[in-house]
Amino acid sequence: MFEQVVFYTFAAVLTLAAGMVITVRNPVHAALFLVLAFFASSGLWLLLEAEFLAIALVLVYVGAVMVLFLFVVMMLDINLTVLREGFARYLPIAGIAAVLMFVAVGSVLTQEKFTLAKTAAEVAHPADYNNTRELGLALYTQYVWPFEIAAVLLLVAIIAAIALTLRHTRQTKAPKPEKQVAVRREDRVRLVKVEAERQG
Amino acid sequence: MTELSSVLPEATLAGLACLVLVIEVFRAPANRAATFWAAAMSVIIVLSEIAMRFPKGTTLAFNGTFRLDIMSAVLKAFVMVIVLLSFFYARDYFERRGRVVQEYYILALFATLGMMVLISAHSLLTVYLGLELLSLSMYAMVAMDRDSATASEAAMKYFVLGALASGMLLYGMSMLYGVAGTLDLGQLSAQVGSGNSHILYTFGLVFVLIGLAFKLGVVPFHMWVPDVYQGAPTPVTLFISSAPKLAAFAMAIRLLTDGLAGLAGEWRDMLMLLSVASMAIGNLVAIAQTNIKRMLAYSTVSHMGFLLLGLLAASPEGYAAAMFYAITYAVMSMGAFGAIVLLSNATSESDRLADFAGLGRRSPWIALMMLILVFSLAGVPPFAGFWAKWFVLKEVVAAQHTWLAAVAVLFSLVGAYYYLRVIKIMYFDEPDAGAVPITAGDDVRLVFSVNGVSVLLLGLLPGLLMSVCMAAMKSYAG
């Protein structure tokens with residue numbers, strides 16, 4: 001009973017927050033609602049005894065990704081009126097498509113297969129069960145190949161980000177510290193003997 | 001140990017790509033060719049490894065997430081050859097442009113790794129990761145030309161639509177996983193075959209197929225193709241339009257026949273819709289184009305529709321015909337974009353149809369090679385493109401879809417119009433007064449000639465490649 005109350009509370013908060021993310025006008029508010037959505041889903045994961053994933057979600061997404069995201073949103077000057085142009089024009093077609101999708105998906109998802117009675121009850125683990133250890137074991141044995149590919153994927157993301165943003169040094173006016181340190185007096189100071197001006 | 005040796009080409013490529021990255025960082029500024037040669041050597045090393053360890057049967061490795069079979073080895077070998085040739089085209093283009101973008105080679109190597117993972121995928125997880133590795137590298141390659149507004153726009157469209165398609169694909173995969181309880185394609189196939197929860201599998205299939213259709217670029221998920229092909233720098237377009245098509249073909253085979261063979265009745269109908277729409281829209285819209293990159297983009301859409309015909313025959317012979325089609329298309333497409341690379345110069349991309357005017361007099365040899373490539377794309381015998389279409393049509397008729405074959409032939413005839421127009425412009429139009437001389441290097445002329453002659457040879461001896469494709473698919477279906 002208690003579990004159900006917790007589940008429905010988190011689920012309701014999650015759905016509401018997710019809806020707000022795409023409907024609120026202010027991008028900063030949208031990002032904050034996304035943070036709320038992440039918190040609610042990490043609550044759901046805790047309920048599933050996936051503590052590691054729940055904590056990782058909060059630490060990585062809320063702690064790092066969303067903060068970065070907020071910085072970007074604040075730095076960009078987003079013109080909201082331009083963003084909303086064409087909303088009314090596309091509404092009829094988009095609306096029809098959305099309703100059709102909703103009905104189709106709804107009719108499939110309310111099938112017998114997805115009712116509670118069909119899903120196996122969770123197995124409760126003893127108190128000394130180590131979620132992180134199990135996850136690590138699966139990751140480094142059964143899923144080691146996908147795990148390595150994911151690592152390469154992250155490397156590509158780094159290379160792509162650098163390749164797309166790094167301006168070549170000759171295009172920047174930034175001074176080079178190693179050259180500044182190595183500079184000697186003779187390079188900068190030139191003594192010039194100026195002849196005294198002759199009077200008259 | 002056998003597990004490790006089966007992924008040796010992939011592991012080597014990953015290591016060598018990192019090495020090329022280090023070489024690029026520490027090379028002497030004047031030594032610009034170092035990165036190119038390192039990248040080309042890496043591809044050659046991996047190619048020789050694939051050839052030396054050519055598999056005799058099917059092996060699964062890493063708990064069934066990796067599958068090494070004849071099909072994967074053949075496709076990987078062709079991917080390597082095509083990537084190697086596209087490096088030569090790219091070097092020539094960048095050198096002439098005076099702005100060498102070395103990241104091209106590094107990103108292309110990682111994209112190639114993504115293709116290899118995708119070709120050998122035997123789990124929904126590896127299908128997705130391979131696809132993302134390939135796509136992420138390609139998004140970055142399209143955006144590489146930062147000062148060009150069209151390239152940035154193309155990259156943005158490609159990225160946003162690609163992310164949407166990945167989302168669709170993931171949603172479908174999560175549905176399949178939710179019902180079957182497994183990510184492994186072999187076990188998934190067994191679950192689907194058991195006949196339970198048929199409608200839920202079909203539901204997952206729809207979303208998976210949308211993701212697949214986007215990556216292949218078939219109607220109605222083709223909107224990114226013309227913009228990306230036109231906006232990206234020509235060597236990047238050349239890369240995107242050739243080797244990844246082989247990976248997309250492998251992805252279709254892995255998902256549809258490895259994993260969801262039990263739903264063949266459903267996906268056959270869906271593929272039929274996609275295929276007819278692609279052939280119709282691709283061929284009709286291509287007629288109106290004046291930019292040759294955009295024209296070739298619409299031609300890609302129609303060719304991918306044709307390729308789907310081979311898949312929907314749903315027999316080993318049909319898959320083999322589709323594989324033949326994918327390989328010949330990749331070679332032809334590389335050549336056609338290669339011609340644009342050859343004609344480009346320091347100031348212009350030379351991607352208007354008018355830039356080809358009078359090429360027959362300006363450079364008879366390049367024009368002759370382009371003639372072969374364009375005839376082959378149009379499906380004129382005896383070039384490779386004709387046999388590709390012939391084998392597919394034969395299987396479509398054998399599968400009792402005669403009307404589909406008739407539609408395909410009709411739209412190929414429509415397509416012949418805009419291909420032949422290119423030839424007319426090359427041989428019968430007066431050259432532009434302002435036409436600049438062709439300054440392509442000797443090495444890239446040689447590569448282009450090899451490309452054109454190989455299309456001719458494939459057309460004269462189609463049985464050779466076809467028997468390889470049949471062997472690949474026989475082992476696969478059996």
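The numbers here are math on the coordinates, done by the rules we state, and not lab data. Note that the structure is a prediction, hence the values are computed from the model and not measured. Counting neighbours? That spans all protein chains shown, and the Cβs are built from the backbone with ideal geometry, glycine included.
Per residue of B:140-149, what is the mean number of Cβ atoms on other protein chains within 10 angstrom of that residue's Cβ?
Whole-number average of other-chain Cβ neighbours for B:140-149 is 2.
Give the value in nm², to one decimal: projected area of the alpha carbon convex hull of the range B:427-478, averaged over all directions.
So the mean shadow area of the Cα hull is 6.6 nm².
Among the residues of A:138-149, the average count of other protein chain beta-carbon atoms within 10 Å of the residue beta-carbon is 6.
Seen from B:ASP429, the other residues with C-beta closer than 14 Å to its C-beta sum to a net charge of +2, counting Lys and Arg as +1 and Asp and Glu as -1. Computed from the Cβ-Cβ distance with R0 of 56 Å, the FRET efficiency linking B:LEU460 to A:ARG190 stands at 0.15. For B:MET466, the shell of other residues with beta-carbons less than 15 Å away shows a net charge of +1, using +1 for Lys and Arg and -1 for Asp and Glu. Apply 1/(1 + (r/R0)^6) to the Cβ-Cβ distance of B:ALA398 and B:LYS474, taking R0 = 25 Å, and write down the FRET efficiency to the nearest 0.05. After rounding to 0.05, the efficiency reads 0.95.
Per-residue mean of foreign Cβ neighbours for A:101-107 is 1 (Cβ atoms of other chains, 10 Å radius). Computed over chain A with a Gaussian network model linking Cα atoms closer than 10 Å, the most mobile of A:GLU51, A:GLU186, A:GLU148 is A:GLU186.
The smallest convex shape that holds all Cα atoms of the protein assembly as shown, its convex hull, gives 248 Å³ per residue. Between B:ALA163 and B:TYR177, the modelled labels are 2.0 nm apart [label points 7 Å from Cα along Cα→Cβ]. Close amide H pairs (under 5 Å, H built 1.01 Å from N) link B:VAL380 with B:PHE386, residues at least 5 positions away or on another chain.
Pair-distance distribution of chain B: all C-alpha pairs, bin width 10 Å, starting at 0; shares per bin in whole percent are 4, 21, 33, 27, 12, 3, 0. For A:ALA182 and B:PHE26, the FRET efficiency from 1/(1 + (r/R0)^6), where r spans their Cβ atoms and R0 equals 25 Å, is about 0.75.
In terms of packing, defined here as the mean over residues of other Cβ atoms within 10 angstrom, the peptides B:59-71, B:195-207, A:151-163 line up highest first as B:59-71, B:195-207, A:151-163.
Remind me, relative contact order of the range B:2-477 in percent, using alpha carbon pairs under 8 angstrom and six or more residues apart?
Once divided by the residue count of the range B:2-477, the mean separation gives 16 percent.
Summing charges over neighbours of B:ARG294, with a neighbour being any other residue whose Cβ is under 15 Å away from its Cβ, gives -1 when K and R count +1 and D and E count -1.
Averaging Cα coordinates gives a centre for the range B:409-478 and one for the range B:21-74; these two points are 26 Å apart.
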